[in-house]
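The values are calculated or read from the model by the stated rules, or taken from the named source; none is laboratory data. From a predicted model like this one, the values you see are computed outputs, not experimental measurements. Cβ placement follows ideal geometry from the backbone for every residue including glycine, while neighbour counts extend to all protein chains displayed. Ligands, DNA and RNA are stripped out before the accessible areas are found, and what is left, the full protein with its side chains, is counted by its heavy atoms. Shrake-Rupley method; radii C 1.70, N 1.55, O 1.52, S 1.80 Å.
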Amino acid sequence: MAANSTNGNSLESLRILVKSVTQLISQLETFLDSNAVDVNANVRNASENSDPSSPPSSQSSTTTDSVDPLALAHDSAALIKAHITKLSLLIINEPFTPSAITKVLRELVAGPIPSLASAVQVCDPQKYTTVARQNLSWRCHRVLRELKSFLGIIPLDGKVLPNEQRNSSNGGKGSMAATGVLWAACDDVILLKKLGIAGLLVKKVEEYRDTLKDILEELKEYSEEVGEEDDDDDDGDGEVDETGNDITDITDQVQNTHLSTQQILDDLMNPRHIPRNDPDKIRERLESCMKRLRLTTLLYTAIIKRRLKTLPPFPNATQVPVTQRLDEVFPLLKTLPHRFNEVACAFYELDRDSIDLAMDSCFFDAFAASEMLMKPWEGDRDEFTDWAEKFQVGIKKPD
């Protein structure tokens, strides 16, 4: 009887703790979403309110200036991964032991969970760049989201999970799949320490450059497609109404609504070809655009090699505003692929005015990006400076 009472108390304690930890994670998710200034205070308050019997956050007395945010995030994610591995076994193996699960959850609340959020706080954008802060925040938020999802799987009825809840059955995510997703999220955070700030920035710019290369390849393929004159396929046999439309075609479309719908979809999905006579000189604009787009991809490669791979260590102790320069140029580097995609769409629509407007905007931004990184991190000139000056001439007038 006493054993049943003890087990019942342990199960009730587990229910309360799971609810408290879930609330804590929700608060930390909100914090990561809002990029609150005083994260450490929020972390401590959330941790203390969630479970009065748990120890305070391990970061409450840490001086943020001496903390490496990527190292802190790495250690926190590694601990979360290890604790989740324990929990994943405890919830499927007999005998079901609520006290053992409670112990692991308390250890998570005591350190790794709030420390993960604290890592985002100490990643000061002025020291580590806004890009690094946002990326770290996104990865840590994903860990917390998947962890909260995993907590919802913990059985609170005193029994281990049945087989159908361990495996992904009936379209749901079983405990094994949830564990794997959470491991992957933790691994993404752990990877950041190996990458480092400079490595992360390089990876980002490589992704942007690859997108630009894809757009260039699409434009090349589009330039090789030749449109035909409207009258080439007109044999003159069909009846034509007063607006010049073929009456037979119109009749067929009315009689076959499915074909009409398919034609509309084809028109939306397939770009219009440049006509042979090209009255708006679209092909001339396309050739000019591709030359300068190719130059822009080379700019990204040069930035990676001559600027990002030569970055000084972070946090930067010199007076050179390295993070400030990076935070100014990265929005341009990020948005240029999207802008070039808009240029491509304008070409597909054969919209001369939109093409000119979009191209001018893109190449102005590419010029600005090269200007922002013209000087090296230390000194006035280097090899990139010389190359960037030639790039600026070419981006203005590629021919």
message: Can you tell me the mean projection area, over all orientations, of the convex hull of the stretch 312-399's alpha carbons? Units nm², please.
response: 6.8 nm²
- request: With θ set to phi - 60°, apply the Karplus curve 6.51 cos²θ - 1.76 cosθ + 1.60 along the stretch 191-205 and write out the HN-Hα couplings as whole Hz, x wherever there is a Gly or Pro.
  value: 4, 4, 5, 5, 5, x, 4, 4, x, 5, 5, 4, 4, 4, 5
- line: HN-Hα couplings for the stretch 325-342 via Karplus (6.51, -1.76, 1.60; θ = phi - 60°), in whole Hz with x for Gly/Pro, come out as 5, 5, 5, 7, 8, 5, x, 5, 4, 6, 7, 4, x, 5, 5, 5, 5, 5
message: Please compute the per residue accessible area over the stretch 75-154 with all protein chains in place, 1.4 Å probe, rounded to a whole number of Å².
response: 35 Å²
task: Might you work out the accessible area of residue 348 for me, using a 1.4 Å probe with all protein chains in place, and round it to the nearest 10 Å²?
output: 50 Å²
task: Calculate, for the stretch 299-399, the solvent-accessible area per residue in square angstrom, rolling a 1.4 angstrom probe over the heavy atoms of the protein chains.
output: 53 Å²
- prompt: How many nm is it between the label spots at residue 348 and residue 217, if each spot is 7 Å from the Cα in line with the beta carbon?
  reply: 1.6 nm
task: Rounded to whole Hz and in sequence order, give me ³J(HN,Hα) for the stretch 207-220 from the Karplus expression 6.51 cos²θ - 1.76 cosθ + 1.60, θ = phi - 60°, writing x for Gly and Pro.
output: 5, 4, 5, 4, 5, 4, 5, 4, 5, 4, 5, 5, 5, 4
- line: For the stretch 266-399, the percent of accessible surface on carbon and sulfur atoms (probe 1.4 angstrom, ligands and nucleic acids excluded) is 52 percent
- prompt: Computed from the mean reciprocal separation of all distinct C-alpha pairs, what Kirkwood hydrodynamic radius does the stretch 135-225 have, in Å?
  reply: 16.5 Å
- request: Could you tally the net charge around residue 382, taking each other residue with its Cβ under 10 Å from the Cβ of residue 382, Lys/Arg +1 and Asp/Glu -1?
  value: 0
